[in-house]
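I have placed the structure first, in the form of structure tokens, so that the comments after it can refer back to it.
The values are calculated or read from the model by the stated rules, or taken from the named source; none is laboratory data. Just so it is clear, the structure is predicted and the values come from calculations on it, not from any experiment. Glycine also receives a Cβ, built like all others from the backbone with ideal geometry; neighbour counts cover every protein chain displayed.
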Amino acid sequence: MIRKVAALFSVLAVVAVISGTTSADDKKENKYTTKNFMQAVKTGGLHTKIIKGEATEAETKLFVAYVKALPTNKPPKGSAESWKKLTTALTKATETHLAGKEGSAEALTKAMSCKECHTPHKVYPPKK
Ligand code: HEC
């Protein structure tokens, strides 16, 4: 019971972080580049753990930080409008999922769709 309550509070804290403002420290240097996010998504399947609800608190925080940084990162290709639309949708889906809303896993899976974002915004083959 106590664990459950604690877990709920940590989720609320994450939601607060996601909707809060960026601290000065975060702005200084962006560790949360799209590339780093993609490596975590690819090798660790970070988003899969989040979607399944199997992520640790640290993993959840990391995912939230990446997602939050995404709209401010510049994609190597594609329009700013499209990038904003896709990344904002991902932020929203993440918030909803962490709040435990019904159907949110499907929504987040869709928002994390690799191809839908890579087609407009990723350069093939990747520049070295
Ligand atoms: C919201 C947009 C978006 C989504 C969703 C997305 N990607 Fe990406 N991905 C990008 C962009 C933009 C790049 C190019 C980054 C760059 O070159 O700076 C990229 C690059 C990559 C790379 C190459 C990274 C590197 O080191 O150059 C991998 C691997 C990758 N994505 C995997 C995935 C996988 C797997 C998924 C789905 C589970 C996914 N991505 C979903 C936007 C996205």
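Computed values, structure above
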{"quantity": "Only one of 72, 56 that is more than 9 Å from the ligand (Cβ to nearest atom), surrounded by fewer than 15 Cβ atoms within 10 Å (Cβ to Cβ) and within 15 Å of residue 90 (Cβ to Cβ)", "calculated": "72"}
{"quantity": "Tally, over segment 99-115, of residues that are hydrophobic (A, V, I, L, M, F, W, C) and either near the ligand (Cβ under 10 Å from one of its atoms) or within 14 Å of residue 69 (Cα to Cα) (or both)", "calculated": "3"}
{"quantity": "Qualifying positions in segment 116-128 - modelled with pLDDT of 95 or more and more than 8 Å from the ligand (Cβ to nearest atom)", "calculated": "119, 120"}
{"quantity": "Single match in 93, 55, 40 (criterion: small (Gly, Ala, Ser), modelled with pLDDT of 95 or more and not in a helix (DSSP H, G or I))", "calculated": "55"}
{"quantity": "Residue in segment 90-98 that is in contact with a Leu (Cβ under 6 Å, 6 or more places away or on another chain), more than 13 Å from the ligand (Cβ to nearest atom) and over 19 Å from residue 33 (Cβ atoms) present", "calculated": "yes"}
{"quantity": "Pairs with Cβ under 8 Å, 6+ apart, first in segment 85-106 and in contact (Cβ under 8 Å) with a residue 24 or more places away in the chain, second in a helix (DSSP H, G or I) and basic (Lys, Arg)", "calculated": "91/68; 105/52"}
{"quantity": "Any hit, segment 77-87, residues being of a type in the set (Val, Ile, Thr), in contact with a Pro (Cβ under 7 Å, 6 or more places away or on another chain) and either within 10 Å of the ligand (Cβ to nearest atom) or assigned to a helix (DSSP H, G or I) (or both)", "calculated": "yes"}
{"quantity": "From the options 16, 6, 69, residue that is in a helix (DSSP H, G or I), among the aliphatic types (A, V, I, L, M) and modelled with pLDDT of 95 or more", "calculated": "69"}
{"quantity": "Positions within segment 99-121 being under 21 Å from residue 39 (Cα atoms), in contact with a helix residue (DSSP H, G or I) (Cβ under 9 Å, 6 or more places away or on another chain) and charged (D, E, K, R), in sequence order", "calculated": "110, 116"}
